[in-house]
Each structure stands twice: as C-alpha cells, then as structure tokens.
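Undergrad: Below is a structure I'd like to ask you about.
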Amino acid sequence: MRNFAIGCLLAVATVTGSYAATTVLKTAPADSWTITNYYKQSVYDPKESKIGDIDDVLVDRSGKITGLVVGVGGFLGVGEKDVIVPFASIKTAKKNDKWWLTLDETKDDLKNAAGYKYDRASTTWVPEKK
C-alpha cells in the first residue's frame with residue numbers, strides 16, 4: 001500500500017511538473033512586441049500631424065491583434081470620437097527613442113468614419129447610434 005501511495009504521488013508530481021512547464025515560457029518569443037508600443041500612444045498622419053491616440057487594442061480569441069481603437073477629435077476627452085482601424089494599417093518606426101505610429105489617413109477622414117462606443121455589459125465595442 002505504501003508503494004502504491006508513493007507511486008501515486010510521483011505520478012501527480014510528474015503530471016503537475018509537465019503541465020507547469022508548458023504554461024510558462026522560459027524566454028520571450030523573439031518576434032513579439034509589448035502592447036505598450038501601441039496602447040495610449042499617439043498616432044500621426046504621413047505629414048506628422050497628430051490624428052489621435054490609441055484607446056484600446058482588439059484581440060481575437062487566438063491572441064492575434066485585429067484592430068486598434070483610435071480616439072480622434074475633442075479636447076481632453078470631451079467630444080472625442082472612437083474609430084476602429086485595422087491593426088495592419090498602423091505603421092511603426094522608432095523616432096527619438098520613442099515608438100512613432102502613423103496611419104495613411106487624415107484626422108478629418110477618421111472624424112467622418114463610423115464611430116464606436118464601448119459597451120460594458122458585453123465588453124465589446126459597438127457602433128455608435130446617431
């Protein structure tokens with residue numbers, strides 16, 4: 001009986017050890033970026049005029065970033081409109097040791113785009129009702 005109990009403990013330790021090893025990375029993936037390169041960063045048009053700020057990062061269930069919510073217009077958050085742009089449309093560069101984000105759109109283009117509001121009940125961005 002004692003040997004059986006020891007065998008069960010060893011089996012549990014082995015299974016637990018194997019599980020833990022697969023849930024924690026030993027190093028960060030080489031091609032990964034931190035979300036802080038985008039979240040709350042300013043976005044500029046190609047002429048280096050500020051368009052807005054990234055207010056949210058949208059991720060699908062597989063973990064792929066699909067879109068960025070950009071706040072445009074307004075003053076100190078009042079009157080700001082949130083629009084969603086595809087993640088692939090944002091271009092990145094390093095400028096003065098800071099990430100520089102650009103989008104091939106103007107501020108007016110984004111102000112005229114469909115707006116979104118965050119719905120806390122469904123925890124999703126939904127189209128703004130006019």
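Undergrad: Going Cα to Cα from Lys107, which aspartates and glutamates come in below 13 Å? Please leave out same-chain ones fewer than 8 positions away.
TA: Straight-line reach from Lys107, under 13 Å: Asp45, Glu48, Asp53, Glu80, Asp82.
Undergrad: Taking a label point 7 Å from the Cα of Thr124 along the Cα→Cβ vector, which residues of the stretch 34-78 have an amide N closer than 19 Å to it?
TA: 56-70
Undergrad: Once you have a ≥ b ≥ c as the square roots of the Cα gyration tensor eigenvalues for the stretch 35-127, tell me rounded if a/c is under 1.5, and otherwise prolate or oblate according to whether a/b is larger than b/c.
TA: oblate
Undergrad: Run the quick spin-label model on Ala30 and Arg61: label points 7 Å from Cα toward the beta carbon, then report their separation in nm to one decimal.
TA: 3.2 nm
Undergrad: If r is the Cβ-Cβ distance from Tyr39 to Ala114 and R0 is 22 Å, what FRET efficiency results, to the nearest 0.05?
TA: It comes out at approximately 0.50.
Throughout, read-outs are computed from the coordinates displayed, never taken from laboratory work. Because the structure is predicted, anything quoted here is derived from the model rather than measured. Every residue, glycine as well, gets a Cβ built from its backbone with ideal geometry; the counts of neighbours run over all protein chains shown.
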